[in-house]
Amino acid sequence: MLNLPDQVSIIEVGPRDGLQNEKNIIPTEAKIAFIQQLKAAGITEMELTSFVSPKWVPQMQDADKIVAACIDQTRNFVLTPNRKGVERIYPLKCNAIAFFIGVSNTFNKKNINKTTNEALEEITPLILDVKKKNFFVRICISTSFYCPYEGKISPEKVLSLCSRFVDLGVDELSIADTIGMANPRQVYDLFSSLTRIFPTVLLTAHFHDTRKMALANIVAALQTGVTRFDTSAGGLGGCPFAKGATGNVATEDVVFMLEEMGVKTGLSLKQLVKALQTIEPYLSHPFDSGYFYLSKQ
C-alpha cells in the first residue's frame, strides 16, 4: 500500500524558475497578472522573481516592480545570489529569501564562477544576517542527483552540503533534480536519508520533467514522508546554466495526480488553467502540460 499523506504543499516556481529561461521578454504587467491568477488558484508559497544581473538573466530585470506589486501576507520568495541582491531585498516588504547553490563544482563555476565551497563561504554570512532579521530562508540545492558536466552526484556530497546549511539554521532545503535524470529509486534513497538525518528542517522536492519521470519521482518522495513539492505552472522552466534541463514538472499535472489519489493540495485546477491562459500569449513555445491541453478538448 502506498504511503500517502492527507495533504501536501505546492510551492509555485513558475514566475521565477519558469520564466527565467524564456526567449521572449515578457511584459511586467503580464507577469503580475500571471502571479495574481496563480495566487487566486490557492497558491500560498511562490518564487516571485530573482535579484540577479539582468545581463545574465534579462527576464528578471523587472524584479523590483514584480516584488512591489505582488508581495502579500503569503510566503513570497525572492531568489538572490549575493550580498548585492540581499541589500535590494531589505527595503521591501518581503518575508522570505531563497539562495541557490549546486552540489557540483563545475555547475557552480559555470553558473556563478565559484566553486561550491567558495559559494558556501560567500552566502554563509548572508544567511546569518537575514536570519537575524527574521526572514524565512530557503536553500535551493541544484544538481542533487546529476550534473550536466560531472554526471552522477554521490548522495554523500548532497548530505554533506545540506548539513552545512542545517547547521546555519535555514528553514527549508529544496532538493533539485536539475536536469531531470533521477529515477524513483534514487529519489526514494536520497530523501529517505534526508528525512532521517534532518527531521527538523522543511524538505522540498524539486523535479524537472526532462525524461518524463517527475510524477513518478514525486510518488517516490511521498513514500519517504516528503510533503512539499516545487512545481511550475505549464511545466515552464529550464536553466540557462544547465544544458539539457527542460521545464519543471507542471503544477496542474501534479495537482491532478495528487487529487485523484486522494491527496489534497488546496488548489483549483480551473483557476490554474486561467493563469496559464493569461501568460500563454507571451511565450515562445507551448506548455509542457498534459492537463492544460486535455482540459481544452
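What follows draws every value from the coordinates through simple rules; no lab data is involved. Predicted model, so just to flag it, every value in this text is computed and none were measured. In this analysis, Cβ positions are derived from the backbone assuming ideal geometry, glycine residues included, and neighbour counts consider all displayed protein chains.
Using only side-chain charges placed at the Cβ, +1 for Lys and Arg and -1 for Asp and Glu, the dipole size of the stretch 1-139 relative to its Cα centre rounds to 360 debye.
A cut-off of 5 Å between modelled amide H atoms, ignoring neighbours fewer than 5 places along the same chain, links ARG228 with SER9, ALA205.
On a full-extension model of 0.36 nm per residue, what is the gain between ALA30 and SER268, subtracting their alpha-carbon distance, rounded to one decimal in nm? Each step should come with its number before you reach the end.
On the way: separation 238, 0.36 × 238 = 85.68 nm, distance 2.06 nm.
Fully extending the segment from ALA30 to SER268 adds 83.6 nm.
The simple Förster model, with R0 at 35 Å and r as the Cβ-Cβ distance, assigns TYR149 and ALA69 a FRET efficiency of 0.40. Each of ILE35, ILE25 has some number of other Cβ atoms within 10 Å of its Cβ, and from fewest to most they run ILE25, ILE35.
Length gain on complete extension for the stretch ASP6 to GLU118, per 0.36 nm per residue less the alpha carbon to alpha carbon distance? All intermediate terms of the calculation are to be shown ahead of the outcome.
On the way: separation 112, 0.36 × 112 = 40.32 nm, distance 4.09 nm.
Taking ASP6 through GLU118 to full extension adds about 36.2 nm, to one decimal.
Treating r as the C-beta distance of THR44 and HIS285 and R0 as 22 Å, the FRET efficiency rounds to 0.20.
Rounded is the label for the chain, because the ratio a/c of its alpha-carbon gyration tensor axes (a ≥ b ≥ c) stays below 1.5.
About the Cα centre of the stretch 9-295, what is the dipole size in debye to 20, counting +1 per Lys and Arg Cβ and -1 per Asp and Glu Cβ, all else neutral? Write out the running numbers ahead of the final one.
Details: 30 positive and 29 negative charges, 88 e Å.
Around 420 debye, computed over the stretch 9-295.
When the chain is fully extended, how far beyond the present Cα-Cα distance does LYS296 get from PHE198, taking 0.36 nm per residue of separation? Provide the component values of the computation, followed by the final result.
Working: separation 98, 0.36 × 98 = 35.28 nm, distance 4.27 nm.
Contour length minus the Cα-Cα distance gives 31.0 nm.
Shown is the FRET efficiency for GLU87 and ASP167, computed with R0 = 30 Å from the Cβ-Cβ distance and rounded to the nearest 0.05: 0.75. Partners of LYS157 within straight-line reach, counting aspartates and glutamates whose Cα lies under 15 Å from its Cα and excluding those fewer than 8 residues away in the same chain: ASP177, ASP189. In this label model, LYS55 and MET261 are separated by 4.5 nm, measuring between points 7 Å along each Cα→Cβ vector.
Ordered by the number of other Cβ atoms lying within 10 Å of each residue's own Cβ, fewest first, ARG228, ARG211 fall into the sequence ARG211, ARG228. Rounded to whole numbers, the Karplus 3J(HN,Hα) couplings from phi for the stretch 30-46 are 5, 5, 5, 4, 4, 4, 5, 5, 5, 5, 5, 6, x, 5, 10, 9, 8 Hz, using 6.51 cos²θ - 1.76 cosθ + 1.60 with θ = phi - 60°, and x at Gly and Pro.
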